[in-house]
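Here is the structure we will look at, set down as structure tokens.
The values are calculated or read from the model by the stated rules, or taken from the named source; none is laboratory data. Keep in mind the model is a prediction, meaning the values are calculated, not measured. All Cβ positions, even for glycine, are placed from backbone atoms using ideal geometry, and neighbour counts span all protein chains on display. These accessible areas exclude ligands, DNA and RNA; they are computed on the full protein's heavy atoms, side chains included. Shrake-Rupley method; radii C 1.70, N 1.55, O 1.52, S 1.80 Å.
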Amino acid sequence: MKTILITGGAGYIGSHACVEFLNAGYDIVVLDNLCNSSPKSLERVRELTGLDFPFIQDDIRDRAALDALFRDHDIDAVIHFAGLKAVGESVEKPLLYYDNNIAGSVTLFEAMQAAGVRTIVFSSSATVYGDPASVPIREDFPVGGTTNPYGTSKLFIEKILQDVAIADPAWSIALLRYFNPVGAHKSGRIGEDPRGIPNNLMPYISQVAVGRREYLSVFGNDYPTPDGTGVRDYIHVVDLAQGHVKAVEKLAEGPGVRVWNLGTGRGYSVVEMAKAFEQASGRPVPYRFAPRRAGDIAQCWADPAKAERELGWKARRGLEEMCEDTWRWQSLNPNGYEP
Ligand code: NAD
Ligand code: UFG
């Protein structure tokens, strides 16, 4: 494995993965249509690594563009981050999500097959487990019961890749089920830059701390959890990105479909997150309790033992570092990549 195509490489997780692949000695090619990202993230990846790489601004649904990309570059493996990810928007615009995420992925897989590239790492999500019967969640837990088109698109793409491998056993496929990515590169130069009002907890908290929003609404305080608020497995985005490098190394060993949870194995509540962020930032994070958000589950955290056993990968960065690194990014870039 030498040259890696990174779809969605200008995005939050993708930009951190670009840094980790470049630092690990790979060549990369980035494909992104910039529908939810800024090209500045890629400039900063170049600045952080001192390395250059091609960027193609195009859509994974554009088969001709993909064919040209695979013709022009000798790609060994694909890391597939490109997709839309806003849960609420997916409920309002299911066809957009199914077209972008599922049709886009099918077009990408077709172009890979035509080009003879059969190694892929797919960004899946813990959301495919639905509301798990118990925690921690292992990879052999049943999938299904997704509550929105975003989650269903992840479930279907996993299934499509499994069927592709049945039809052609030469494929090497990793389905990485991420828990809740947070944090930013230590430099504070790249990080999460959501457009509009953040849907996710950590960017919302950091915008409260920096003074862009007045208070955090805590969605539900009557869950069956120690403090009544939702519990999630927050994982530092750099740990997550490094998991992709390990997955590519593992896929080089031979074909098949492998599934790994990428999480820390420990959960924190919404209120614990707000308090940890206050500590790390030295700024107040006022919050108010609000009704539960539709489709949310009480608690969700990973059993990450399989990834440690098989990939030799383990999340190393704790909650304090996640909050400090988010804060550095947020305070140095109060408006994200915008000036
Ligand atoms: P992001 O929105 O920051 O990055 C996704 C990137 O894909 C963006 O740069 C966007 O412009 C690009 N993109 C979207 N549709 C495209 C298309 N049709 N053609 C080309 N480019 C396209 O999101 P992220 O948080 O970095 O997530 C990356 C992946 O990880 C996504 O597939 C997401 O569903 C998955 N994931 C994210 C989380 C999370 O909480 N952030 C959790 C689980 C899984
Ligand atoms: N929350 C609040 N207030 C907010 C935002 C979130 O209280 O303003 C709470 C939620 O109710 C939940 C927790 O914070 O209890 C985490 O919520 P996020 O929206 O940050 O994350 P989710 O766990 O809902 O979902 C995330 C990603 C999905 C992915 C899923 C996998 O957004 O893409 O993790 O677990 F599928």
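Remarks
- Filtered residue count, region 140-186, keeping only those that are of a type outside the set (Ser, Thr, Tyr), within 15 Å of ligand 1 (Cβ to nearest atom) and over 25 Å from Val117 (Cβ atoms): 11
- Test: residue in region 211-229 that is part of a helix (DSSP H, G or I), at pLDDT 95 or above and either open to solvent by 50 Å² or more (accessible area, probe 1.4 Å) or closer than 29 Å to Gly25 by Cβ (or both): no
- Unmet requirement for Glu43, which otherwise passes all of (1) within 11 Å of ligand 1 (Cβ to nearest atom); (2) within 16 Å of Asp193 (Cα to Cα); (3) surrounded by fewer than 18 Cβ atoms within 10 Å (Cβ to Cβ); (4) not basic (Lys, Arg): (1)
- Pairs with Cβ under 9 Å, 6+ apart, first in region 47-69 and farther than 13 Å from Thr107 by Cβ, second among the acidic types (Asp, Glu) and part of a loop (DSSP other than H, G, I, E, B): Ala68/Asp58
- Scanning region 27-40 for residues that are open to solvent by less than 50 Å² (accessible area, probe 1.4 Å) and free of Cβ contacts under 8 Å to residues at least 40 places away in the same chain yields Ile28, Val30, Leu34.
- Qualifying residue in region 112-119 (condition: more than 23 Å from Asp168 (Cα to Cα) and either within 11 Å of ligand 1 (Cβ to nearest atom) or over 22 Å from the mean Cα position of the chain (by Cα) (or both)): no
- Glu320 fulfils the conditions (1) open to solvent by 80 Å² or more (accessible area, probe 1.4 Å); (2) closer than 30 Å to Arg44 by Cβ; (3) in a loop (DSSP other than H, G, I, E, B) except for a single criterion, (3).
- Within region 41-59, tally of residues that are among the charged types (D, E, K, R) and touching a strand residue (DSSP E or B) at 6+ places or on another chain (Cβ under 7 Å): 1
- Residue-level check: of (1) open to solvent by 30 Å² or more (accessible area, probe 1.4 Å); (2) in contact with a Gly (Cβ under 8 Å, 6 or more places away or on another chain), Asp62 misses just (2).
- Condition check for Ile235: open to solvent by less than 10 Å² (accessible area, probe 1.4 Å), within 15 Å of ligand 2 (Cβ to nearest atom), among the β-branched types (Val, Ile, Thr) and part of a helix (DSSP H, G or I): no
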